[in-house]
1. Note down the nm distance, to one decimal, between modelled labels 7 Å out along Cα→Cβ at N64 and at L23.
2. Place a label point 7 angstrom from the Cα of E293 along the Cα-to-Cβ direction, then list the residues of the range 169-199 whose backbone nitrogen is under 19 Å away.
3. Excluding F445 itself, what net charge comes from residues whose Cβ is under 12 Å from its Cβ, given Lys and Arg +1 and Asp and Glu -1?
4. So, in nm, how far is label T126 from label N367 when the simple model puts each one 7 Å beyond its Cα toward the Cβ?
5. Between the range 238-282 and the range 22-97, what is the C-alpha centre distance in whole Å?
6. If R0 is 41 Å, what FRET efficiency do you get for L262 and M388 from their C-beta distance, rounded to 0.05?
7. Just to be sure I understand the model, the point goes 7 Å from the Cα along the line to the Cβ. What's the resulting C137 to R255 distance in nm?
8. Around G251, what is the net charge, scoring Lys/Arg as +1 and Asp/Glu as -1 over all other residues with Cβ under 15 Å from its Cβ?
Amino acid sequence: MSDYEEATSFLGEWGRFQQQVFLLLCLTVVPNGFAALSIVFVADTPLHRCVVPARVNLTAAWRNSIIPLEEDSGGELGPSKCLRYKLDDLLSFSERVLVPGVDVNLSEVPKEGCLDGWDYDQSLYTSTIITEWNLVCDDSWKNPLTSSVFFFGALAGSIISGQLSDRYGRKIVLFVSLAGQTVFALIMVVSPSWPVFCALYFVVGMAQISNYVSAFVLGTEILGPRVRTIFSTMGVCLFFCVGYMVLPLVGYFIRDWRMLTLALNLPGLLCLPFWWLIPESPRWLLSQGRVEEAEAIVRDAARRNNIEPPPVIFSPLQNKSQSEERTTHNICDLLRSRNICGTSLTLWLVWNILTIGYFALSLNTANLHGNPYFNCFLSAVVELPAYMLSWVLFRWVSRRLSIFSTLSMGGLSLLFIQLIPANLIPVAITLEMMGKFSVSTAFAFVYAYTAEVYPTVLRNTAIGACSMASRLGSIIAPYFIYLRSYSVSLPYILMGSLMTLVGLLSLLLPETYGMPLPDTITHMQPFPGCCQKKPYTAAHTEEDEDISSEKKNPVVT
């Protein structure tokens, strides 16, 4: 299968078949922009304060003074969100016609929690899960946990989907996960409680990452080298961004979280008929020894492109060799030798930090100054040029230099935010968007690089494993935002430092620019310092690689 691209080169790069696969796979990614980031509005916390029961007979002065003032994390003085002055004491003061702040020193009045509930500002939202189930004050820890539950689901999906896809096929996993994501998201609309919502949200997260990874790998393996680069950097990312951009537009007109969830997930049903239009990966079929099915797909592609295929597409010798070499691979193979282990561990760390940066900055848009819908839309729009830049870098620039430069620029942008004076809010937001731009560029690039560095027999498992490793970052990303309650600048300091450091570490990754897509483990590019295997090129034969492997790196077999 080392000459798969040569055997199918007669199809061309951009015929009707490739155009259809490209567009349909990208469309299946659009619902992910809804699922992954709708929590920004569904679980936003509006301004709130303790309820003052109407039945309580207080004078106007005491009713206006019942909420104590306190400093927030930014050092500004405002009404408390979780405390009120003890009601019994205030009733006594009111009955004696005492004046607050004149006859009574308010700093000496005892305080109590919001025993009668909270009043929520409804200028932005009719309802969110926060206002419906009162996830504030003592229960405020449930807010970041809600997002983390989704990413726990993504972790489970990453563990399961990669190996299922390598064993049962990319196509079936893609559509099962797409259906599961849509169905369980629609069931969330009728959630009676926060625990039920979280259980359903877990499944949605599991299906969402399975959908994305399967579509990504399927397109990478079906499309030719040049179109593959566009698909893996700009294609899926831009369509994900389309879903992300539509999110604040729909949210602006639908302020109730249940109706918003319903509106965002119904379009997912429109993708299910694509089952009859998207084929299975011929590369994967060949790796499983299902040569006749692979040839049938390639011949159908030739028919759609109005091209006459050759009498024999995959030679009998190649088929026999593939059948003999076929083995079952799993996630353990990513750590089996020093070469692949070094690449895997470094990529897992890079993915982890990128995920922290991307999701923390995306979830933070509701906390920025100004309208949260506009800020969310701006955060999405910033990703458009980022994904275009990722394609330019992937097309013409060294892989290691690209990852290093984007990570470093993002980290430094976030570190500079703490140096901006409090009155220069637009400058601080600009730096944050620069950080989001850099992280988005690096994220799209690393996805494509990971698919490029690993072989066909392990590609889906490898991307699933990288996604699985990065779930630790996405799980803790909501808590980076939660640190704002202690210090507004603390999340930026931590994210900026981590991104800068991991940018330096990325220089250790193997260079794959200009190399063919590997099909077996022996074709992988060497990790610096782990082995001295000569780089795999299209001119090398599989027998040359096996001999080289036995002589120079006996562990990789």
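The values are calculated or read from the model by the stated rules, or taken from the named source; none is laboratory data. The structure presented is a predicted model; accordingly, all values stated were derived computationally and were not measured. Note: ideal-geometry Cβ built from the backbone for every residue, glycine included; neighbour counts use all protein chains shown. Heavy atoms of the whole protein, side chains included, go into the accessibility calculation; ligands, DNA and RNA do not. Shrake-Rupley method; radii C 1.70, N 1.55, O 1.52, S 1.80 Å.
1. Roughly 6.4 nm, to one decimal.
2. 169-178
3. On the way: positive: R395, R399, R400; negative: E452.
Overall, the nearby charge balance is +2.
4. 2.9 nm
5. The range 238-282 and the range 22-97 have Cα centres spaced 31 Å from each other.
6. 0.80
7. 2.4 nm
8. Computed value for this residue: 0.
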